[in-house]
1. Of all residues being in a loop (DSSP other than H, G, I, E, B) and not small (Gly, Ala, Ser) in the range 110-130, which is modelled with the lowest pLDDT? Just the residue, please.
2. Please enumerate the residues belonging to the range 131-149 that are out of contact with any Leu (no Cβ under 7 Å at 6 or more places or on another chain) and assigned to a helix (DSSP H, G or I).
3. Please go through the range 52-90 and pick out each residue that is among the aliphatic types (A, V, I, L, M), open to solvent by 20 Å² or more (accessible area, probe 1.4 Å) and either closer than 14 Å to Val30 by Cα or in a helix (DSSP H, G or I) (or both).
4. If you take the residues of the range 1-42 that are farther than 30 Å from Gln169 by Cβ and out of contact with any helix residue (DSSP H, G or I) (no Cβ under 6 Å at 6 or more places or on another chain), which of them is modelled with the lowest pLDDT?
5. Filter the range 169-179 down to residues that are assigned to a strand (DSSP E or B) and of a type outside the set (Val, Ile, Thr) and give me whichever is surrounded by the fewest Cβ atoms within 10 Å (Cβ to Cβ).
6. All but one of (1) in a strand (DSSP E or B); (2) crowded, with 19+ Cβ neighbours inside 10 Å; (3) modelled with pLDDT of 95 or more; (4) not basic (Lys, Arg) hold for Pro166, so report the exception by its number.
7. Could you check how many residues of the range 64-98 are at pLDDT below 95 and in contact with a Ser or Thr (Cβ under 6 Å, 6 or more places away or on another chain)?
8. Specify which of the listed residues (Ser152, Ser107) is among the hydroxyl-bearing types (Ser, Thr, Tyr), part of a loop (DSSP other than H, G, I, E, B), without any contact (Cβ under 8 Å) to a residue 24 or more places away in the chain and surrounded by fewer than 15 Cβ atoms within 10 Å (Cβ to Cβ).
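The values are calculated or read from the model by the stated rules, or taken from the named source; none is laboratory data. If you're wondering where the values come from, they're calculated on a predicted model, not measured in any experiment. Positions of Cβ are generated from backbone atoms using ideal geometry, with glycine treated the same way; all protein chains shown enter the neighbour counts. Accessible surface is based on the protein model in full, side chains and every heavy atom, while ligands, DNA and RNA are left aside. Shrake-Rupley method; radii C 1.70, N 1.55, O 1.52, S 1.80 Å.
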Amino acid sequence: MIFVLRCVFVVCLVVVAIPSPASAQEAIFVVRHAERVDGSSDAALSVEGEARAEILARHLRDVGIDAIYSTTYQRTLGTAAPLAEVLGLEIQTGPTHDISTMMNSDSAVSRYVESLAAQLDVQHGADHVLVVGHSNTVPALLAALGHPESVSIGSDEYDNLFIVVPRGQAPPTVIRIRF
């Protein structure tokens, strides 16, 4: 009888210790790219944007970022670059997406975001991950990660940083700060 109770206890501990797929990450930091030099489709960062990217790197350099994800646009890569350099990390640009339709197609954004959320879940177990996106991909990613509230980012807002902390089967804790 004692042996059976011990076995049941061990099984319960194992079941409780296994994270659910939606709660694998320790924390996901999600940010929109910094200010861009102009309104062209693949604009680089402006001087202000480069300064903001440096500020982001200073804020996140000590939080234990294990991986950095970005779209392939110059402005997102430029926003991620200072932190990647400080940490010696390569910026991951997967999953692949059609750069010409991504910003103008809700279905392209949805496919990209769902694929990215699945990739984060599979490849980054208990990691701290930074994802740099856009005013349309950031809210979509937050929703894909389980955030129940609608989020909008204005066209002139470049200072939003969302910290997503999964909580098992419950919706994640999401903190929105300005930097």
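1. His124
2. Within the range 131-149, Thr137, Val138, Pro139, Ala140, Leu142, Ala143, Ala144 qualify.
3. Residues of the range 52-90 among the aliphatic types (A, V, I, L, M): 53, 55-57, 60, 63, 65, 67-68, 77, 80-81, 83-84, 86-87, 89.
Subsequent filtering for residues that are open to solvent by 20 Å² or more (accessible area, probe 1.4 Å) retains 55, 63, 77, 81, 86-87, 89.
Matches in the range 52-90: Ile55, Val63, Leu77, Ala81, Val86, Leu87.
4. For the range 1-42, the residue satisfying everything is Phe3.
5. Initially, the range 169-179 is screened for residues assigned to a strand (DSSP E or B), giving 170-178.
Now restrict to residues that are of a type outside the set (Val, Ile, Thr): 170-172, 176, 178.
Details: Ala170: 12, Pro171: 14, Pro172: 21, Arg176: 14, Arg178: 8.
Looking at residues that are assigned to a strand (DSSP E or B) and of a type outside the set (Val, Ile, Thr), I get Arg178.
6. Here Pro166 clears every test but (3).
7. Final tally of qualifying residues: 3.
8. Being among the hydroxyl-bearing types (Ser, Thr, Tyr), part of a loop (DSSP other than H, G, I, E, B), without any contact (Cβ under 8 Å) to a residue 24 or more places away in the chain and surrounded by fewer than 15 Cβ atoms within 10 Å (Cβ to Cβ) holds for just one of Ser152, Ser107, which is Ser152.
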